[in-house]
1. So what's the gap between the Cα centers of the stretch 150-190 and the stretch 70-88, to the nearest angstrom?
2. Would you work out if the stretch 39-125 is rounded, prolate or oblate? Take a ≥ b ≥ c from the square roots of the eigenvalues of the alpha-carbon gyration tensor; rounded if a/c is under 1.5, else prolate when a/b is larger than b/c, oblate otherwise.
3. Which GluC sites (Glu not before Pro) in the stretch 75-162 sit in a loop by DSSP (not H, G, I, E or B) and have at most 13 other Cβ atoms within 10 Å of their own Cβ?
4. Based on the Cβ-Cβ distance from residue 169 to residue 192, what FRET efficiency comes out when R0 is 22 Å, to the nearest 0.05?
5. Greater than 29 Å separation of Cα atoms is the criterion. Which listed pairs, 87/118; 33/69; 87/184; 47/112; 112/197; 112/196, meet it?
6. Over the Cα atoms, compute the radius of gyration (one decimal) and Dmax (the largest Cα-Cα distance, rounded to a whole number) for the chain, in Å.
7. Just rank 26, 37, 183, 98, fewest to most, by other beta-carbon atoms within 10 angstrom.
8. What are the trypsin sites (Lys or Arg not before Pro) within the stretch 79-110 that DSSP puts in a loop, where the Cβ has at most 12 other Cβ atoms within 10 Å?
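Each value in this text was obtained by applying a stated rule to the coordinates, not by laboratory testing. This one's a predicted model, so the numbers in the text were calculated from it and none came from an experiment. Using ideal geometry, Cβ is built from the backbone for each residue, glycine included, and neighbour counts are taken over all protein chains shown.
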Amino acid sequence: MQGKLILFEGCEFVGKSTQIEILARTLRELGHKIITTKEPGGTDAGKALRKKLLEEKNAPHKELALFLKDRTIHFAQVVIPALREGKIVICDRSSPSTIAYQHHGRGIALEKIIEPDKKARQGINFNLVILLDGDPKKMFARKEKETTFEKEAPDFHQRVSEGFLAQARQDPVRWRIFDASRTKEEIARDILDEVKKIV
């Protein structure tokens, strides 16, 4: 694989979409071939799965199965072909979100997630994981709650936040943590500095 896979992670309302847009625009200006995508919903089939996941209340194991189905399609149809073409793939959420939300948040055993997730990604791993970290209580003051996940109780989101940080501590080589309470310009500058080290 010649391309690079950059992943943005974090709890709700931490500003992932804004930072992805800024990074993609900057990298294009620097002459890189970029695609931006997301999970769930990065494919035509995934859009229906996204609707089901974000608008309906699903049992935890069904929820996990839907996310893994979306990931399987997404990597096969979007991520892997783009990497083979030498592109930089910037993705909004993937495997770490599944561990944070379904394991730390929902309580699904980790062994129920790890191998099926690896299979869904066809063994492809992330070159850089950018974690936008913010206090869920403060982040949630930014916006109205709309999706099934956004409407979960505060303690659920606290567990998810801790789940992301735990993964970052376990893999300091690939993960970078950014304080989501800073200005978008400050965050974007520091993210670009890290991305330039791998592209």
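1. Cα centroid of the stretch 150-190 versus Cα centroid of the stretch 70-88: 25 Å apart.
2. Numbers: a/c = 2.22, a/b = 1.43, b/c = 1.56.
In terms of gyration-tensor shape, oblate.
3. On the way: sites: 85, 111, 144, 146, 150, 152, 162; in loops: 85, 144, 146, 150, 152.
Qualifying residues, ordered by number: 85, 144, 146.
4. Using R0 = 22 Å, I get an efficiency of 0.40.
5. Working: 87/118 21 Å; 33/69 27 Å; 87/184 25 Å; 47/112 24 Å; 112/197 34 Å; 112/196 35 Å.
The pairs that break the limit, which is 29 Å between Cα atoms, are 112/197; 112/196.
6. Answer for the chain, Rg first and Dmax second: 15.9, 45 Å.
7. Working: 26 17, 37 20, 183 8, 98 24.
Fewest to most other Cβ atoms nearby, the residues stand as 183, 26, 37, 98.
8. Numbers: sites: 84, 87, 93, 106; in loops: 87, 93, 106.
Taking the stretch 79-110 and a limit of 12 other Cβ atoms within 10 Å, no loop trypsin sites (Lys or Arg not before Pro) are found.
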